[in-house]
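First comes the structure, then the notes that go with it.
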Amino acid sequence: AKIREVENKAGRGVNFGNYNDDDYLDIYVSNYRLCENFLWHNNGDLTFENKAHYLGIAGEEREGYYGHTIGSEWGDFDNDGDLDLITANLAHPRFIQFSNRTMLYKNQGKPNYQFLEVRRKAKIKYEETHSDPAFGDVDNDGDLDLYLTSVYENRRSFLYLNNGKGVFEDVTYLAGVRVFNGWGCAFADFDNDGDLDLIVGSGSGVRFFRNDTKNGNNYLKVKMIGKKSNRNGIGARVKINIGKKILLREVTCGKGTTSQSSIILHFGLGKKKKVNLNYHFLSKEEKTLKNIKANQLIIIEEE
């Protein structure tokens with residue numbers, strides 16, 4: 001694979017994701033030392049090409065420098081069937097004018113799959129020391145919510161609820177998930193009750209938060225088991241259509257910085273009791289399962 005050496009850079013996070021739906025996993029590298037971020041586009045022939053600038057996700061260049069990105073995360077926050085991206089940046093604009101703030105990039109899809117930065121429009125607040133982002137549907141309404149940690153002892157984390165219209169609301173205090181000096185974070189259904197719980201690594205130790213939301217919303221969990229591709233199903237995709245929404249989840253092998261959410265895919269379904277789902281592994285053959293009942297874990301094995 002033709003990826004050049006970058007010894008003078010400081011990569012803090014690596015994320016695999018298929019941003020352009022071509023069945024090849026691309027690589028996003030979060031860089032820290034005032035260096036642009038990289039998007040290594042997979043050409044499908046074991047070579048990669050850095051397309052971060054072309055796609056609009058290298059960061060914002062100011063005075064010849066870029067910001068400090070610590071961790072990033074792929075996720076379809078607007079439910080349009082393609083992967084969007086958030087980069088958590090350590091920004092010090094009061095000291096360094098060219099600092100980049102945290103950025104939320106909306107994937108504009110076909111034909112070019114270029115990205116548009118929408119953090120302010122999405123109402124994600126500026127925080128000087130964002131560290132690690134994690135997408136997950138914590139209220140099972142079908143929309144990906146967002147948790148963001150912040151480093152430094154006096155800086156808190158944030159839980160944002162997605163209202164389904166591209167706007168996020170800070171509900172950290174109400175949810176009881178405020179953590180100071182946070183680093184890695186991840187979502188998983190630890191107690192197997194159908195909603196996503198949260199784990200956060202911080203300077204004061206590891207924090208577990210059990211999700212006790214009681215709103216009557218349904219869910220579906222999907223475990224992908226590969227044979228031709230890889231055992232854990234890394235790169236496999238599942239899509240569920242609910243009205244105009246396309247719920248997309250992709251099995252990943254790491255996110256943000258030093259963290260990993262569950263490889264069991266989780267879908268909040270709202271009030272839907274049955275759904276159809278489309279899935280495919282990296283072997284590319286797409287298949288459909290119909291009338292799948294909600295509120296269960298299903299296992300899909302690659303044939």
* Would you point out the residue of the range 219-231, among those that are touching a Gly at 6+ places or on another chain (Cβ under 7 Å) and not small (Gly, Ala, Ser), that is farthest from Lys293 (Cα to Cα)? => Ile225
* Could you tell me whether the range 143-154 includes any residue that is of a type in the set (Gly, Ala, Ser) and either surrounded by fewer than 17 Cβ atoms within 10 Å (Cβ to Cβ) or in a loop (DSSP other than H, G, I, E, B) (or both)? => no
* State whether one or more residues within the range 164-172 are surrounded by 18 or more Cβ atoms within 10 Å (Cβ to Cβ), modelled with pLDDT of 95 or more, within 30 Å of Lys274 (Cβ to Cβ) and among the acidic types (Asp, Glu). => no
* To do: Sort out which residues of the range 158-184 are touching a Gly at 6+ places or on another chain (Cβ under 7 Å) and within 25 Å of Lys223 (Cα to Cα), and write them in order of number.
  => Gly184
* Structure fact -> Among the residues of the range 227-257, the number that are over 14 Å from the mean Cα position of the chain (by Cα) and either farther than 30 Å from Gly11 by Cα or of a type in the set (Ser, Thr, Tyr) (or both) is 11
* Asked: Taking the range 180-208 only, how many residues are in contact with a Ser or Thr (Cβ under 6 Å, 6 or more places away or on another chain) and aliphatic (A, V, I, L, M)?
  -> 2
* To do: Output the strands (runs of 3 or more DSSP E) that fall wholly within the range 199-303 and possess 1 or more residues being farther than 30 Å from Arg178 by Cβ, or say none.
  => 218-225, 237-242, 245-250, 274-280, 287-293, 297-301
* Asked: Counting only residues that are in a loop (DSSP other than H, G, I, E, B) and at pLDDT 95 or above, which one in the range 125-142 is farthest from Gly176 (Cα to Cα)?
  -> Gly142
* With Leu277, Leu269, Leu282, Leu265 as the choices, which residue is crowded, with 17+ Cβ neighbours inside 10 Å, within 25 Å of Asn163 (Cα to Cα) and touching a residue at least 60 places away in the same chain (Cβ under 8 Å)? -> Leu269
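Tally the residues that are farther than 18 Å from Val275 by Cβ and of a type outside the set (Val, Ile, Thr), restricting the search to the range 224-259.
Residues flagged as farther than 18 Å from Val275 by Cβ and of a type outside the set (Val, Ile, Thr) within the range 224-259 amount to 14.
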* Asked: Given (1) in contact with a Lys or Arg (Cβ under 9 Å, 6 or more places away or on another chain); (2) modelled with pLDDT of 95 or more, where does Tyr54 come up short, assuming only one miss?
  -> (1)
* Of all residues in the range 100-113, which are in contact with a helix residue (DSSP H, G or I) (Cβ under 9 Å, 6 or more places away or on another chain), in a loop (DSSP other than H, G, I, E, B) and surrounded by 16 or more Cβ atoms within 10 Å (Cβ to Cβ)? -> Tyr113
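The values are calculated or read from the model by the stated rules, or taken from the named source; none is laboratory data. Computed from a predicted structure; not experimentally measured. Glycine also receives a Cβ, built like all others from the backbone with ideal geometry; neighbour counts cover every protein chain displayed.
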